[in-house]
Amino acid sequence: MATDKTFYLETFGCQMNAHDSEKVIGTLQHEGYRQVELEEDAGLILYNTCSIRDKAEQKVFNRLNDHKKLYKAGKRFAVLGCVAQQEGEKIFERAPYVSLVSGSASYRKLPEMLVRLEAGETRITGLDDRQTEETFETEFTSRQNPYRGYITIIEGCDKFCAYCVVPYTRGKERSRTSTSVLAEAQRIADQGYTEIQLLGQNVNSYRDPEGKRSFAELLAAVGEVGGIRRVRFTTSHPRDFTRDIVEVIDQVPTLCDHVHLPVQSGSARVLKLMAREYTPEWYLERISWIKAARRPISLSTDIIVGFPGETPDDFIQTMDLLAQVEFDCVYGFKYSGRPNTPALTMIDSISEAEKSARLQVLLDRQREIQRINYSKHLGQVMEVMVEAHNPARGQIIGRSSQNKPVNFTCGQAIAPAPGSYMQVKITGTHPNSLTGESV
Ligand code: SAH
Ligand code: SF4
Ligand code: F3S
């Protein structure tokens, strides 16, 4: 075992994984470890993994394979996250140079696992199953994003959609108390963050264990924390999307004008096979509430094409829904069969080529919808939070409240710092971004 306490950590997967990594980094630092930028420079190499689709899972095994020679140089490997929980001890068979495997429900035990690792133990596991009630709360979070503070308010998932690994990899649904969420929001604000993003696999399934606040009430309370200018939340599930969420966005100016509401399919038959427990009509009713808000609220969604048994007619219904809602952003995925899931036992008769063809049709149509949606912003003045600079193009890169990327120029000699807010007049529109100049 390398005696120097240095680590390299790489994250795959969703925002919750990225935020877990911030907490893992903070925990490691508290244990005396120092983060380095390259695998080669680290004593301990950690991969925080994703298993949502097969491609994501393959990525980590490829990465391990690329670096396994470092084991001989005394470096140790740890696999964290969803692939760790899913594959468990099988990872030691597939990659014998891995010493530690831990799912997200066991991270609070990381300090003791690290002690065992330092003592030279191998095959250390943290594989708490679905039964855990605990959430991973730590005061050591090392926030990697300088302007946006993430707060996980609910972990796990109990919905068991037929295609999805998350209930198996992240365990049962459990919420934090709204008191502790608000205390963390206040701490973040005190540190100078002005944007907060509340996270959960199904963020709006939130249920305060103390019974003090509904999800909408928690949103309002976070939005009213002094110093906070923007609050985002993701991902919302249609089943638990209530009208008071729209009302509170209308009432509290700091809540951003954006809802990400994954629909997955526009066909009632496919939604039933997926066990989503809503119909297209149910979904569209929630969309109608959002569209009736006083402020224009931007909508985005996730869609799976080629679910087992999806007929050309089912796919057309998804395309119809797309045309009806006119989303500002769609994440489209080809169905990927996942371990343990019920969909794996359904006949997956749609070829890879057909899945790709459907995805392409979907993305092409969506691009046209977005071209029109985005063009409506021409001439508007909007508040943009600065995220980065692009000196080569003389542009500043930022984001609107609706979560749209805005690239703009600014007359000031010194470019505005990341995290600052600018008023920008939109002078150009594209299907995925806006351009403009500060006013
Ligand atoms: N909890 C959220 C989604 C979380 S997973 C919800 O229920 O809406 C993020 C997205 O990955 C999903 O919305 C879905 O579109 C996609 N996804 C999940 N499992 C998949 C699979 N087996 N194959 C392809 N896409 C999948
Ligand atoms: Fe997966 Fe469904 Fe849970 Fe979303 S609601 S995480 S898609 S099981
Ligand atoms: Fe991937 Fe796990 Fe997130 S499977 S999408 S990292 S919850």
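The values are calculated or read from the model by the stated rules, or taken from the named source; none is laboratory data. All of these numbers come straight from a predicted model, not from anything done at the bench. All Cβ positions, glycine included, derive from the backbone under ideal geometry; neighbour counts span all protein chains shown.
Structure above, values below:
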read-out	value
Of residues in the stretch 421-439 being modelled with pLDDT of 95 or more and assigned to a loop (DSSP other than H, G, I, E, B), the one farthest from the chain's Cα centre (by Cα)	HIS430
Lone unmet requirement of (1) without any contact (Cβ under 8 Å) to a residue 12 or more places away in the chain; (2) away from ligand 1 (no atom under 16 Å from the Cβ) for GLN58	(2)
Residue selected from the stretch 1-27 under the condition over 29 Å from ARG53 (Cβ atoms) and part of a loop (DSSP other than H, G, I, E, B), by the criterion farthest from ligand 3 (Cβ to nearest atom)	THR3
Scan of the stretch 293-309 for residues that are under 14 Å from PHE241 (Cβ atoms) and more than 13 Å from ligand 1 (Cβ to nearest atom), ordered by number	ALA293, ILE297, LEU299
Some residue of the stretch 28-51 being buried (at least 20 other Cβ atoms within 10 Å of the Cβ), assigned to a loop (DSSP other than H, G, I, E, B) and within 14 Å of ligand 3 (Cβ to nearest atom)	yes
Check on ARG130, over 24 Å from SER420 (Cβ atoms) and in contact with a Ser or Thr (Cβ under 7 Å, 6 or more places away or on another chain)	no
In the stretch 388-403, the residues that are at pLDDT 95 or above and in contact with a Pro (Cβ under 9 Å, 6 or more places away or on another chain)	ILE396, ILE397, GLY398, ARG399, GLN402
Sole residue being at pLDDT below 95 and either on the phi > 0 side of the Ramachandran plot or hydroxyl-bearing (Ser, Thr, Tyr) (or both), chosen from SER349, SER336, SER356	SER349
Residues satisfying the stated conditions in the stretch 369-396, i.e. free of Cβ contacts under 8 Å to residues at least 60 places away in the same chain, assigned to a helix (DSSP H, G or I) and surrounded by fewer than 14 Cβ atoms within 10 Å (Cβ to Cβ)	ILE372, PRO391, ALA392, ARG393
Scope the stretch 142-176; condition of a type in the set (Gly, Ala, Ser) and either in a loop (DSSP other than H, G, I, E, B) or closer than 30 Å to VAL386 by Cβ (or both); matching residues	SER142, GLY149, GLY156, ALA162, GLY171
Restricting the stretch 78-131 to residues that are hydrophobic (A, V, I, L, M, F, W, C) and touching a Phe, Trp or Tyr at 6+ places or on another chain (Cβ under 6 Å), the residue that is farthest from CYS164 (Cα to Cα)	VAL98
Among the candidates ILE347, ILE287, residue that is hydrophobic (A, V, I, L, M, F, W, C) and buried (at least 20 other Cβ atoms within 10 Å of the Cβ)	ILE287
Yes/no for ASP66 being at pLDDT below 95, among the acidic types (Asp, Glu), in contact with a helix residue (DSSP H, G or I) (Cβ under 6 Å, 6 or more places away or on another chain) and away from ligand 1 (no atom under 16 Å from the Cβ)	no
Strands (runs of 3 or more DSSP E) within the stretch 56-141 that include 2 or more residues surrounded by fewer than 22 Cβ atoms within 10 Å (Cβ to Cβ) and not acidic (Asp, Glu)	124-126
Residue tally, condition free of Cβ contacts under 8 Å to residues at least 60 places away in the same chain, of a type in the set (A, V, I, L, M, F, W, C) and over 18 Å from HIS258 (Cα atoms), over the stretch 287-323	6
Odd one out for VAL263, checked against (1) under 30 Å from GLU195 (Cβ atoms); (2) away from ligand 3 (no atom under 16 Å from the Cβ); (3) surrounded by fewer than 17 Cβ atoms within 10 Å (Cβ to Cβ)	(3)
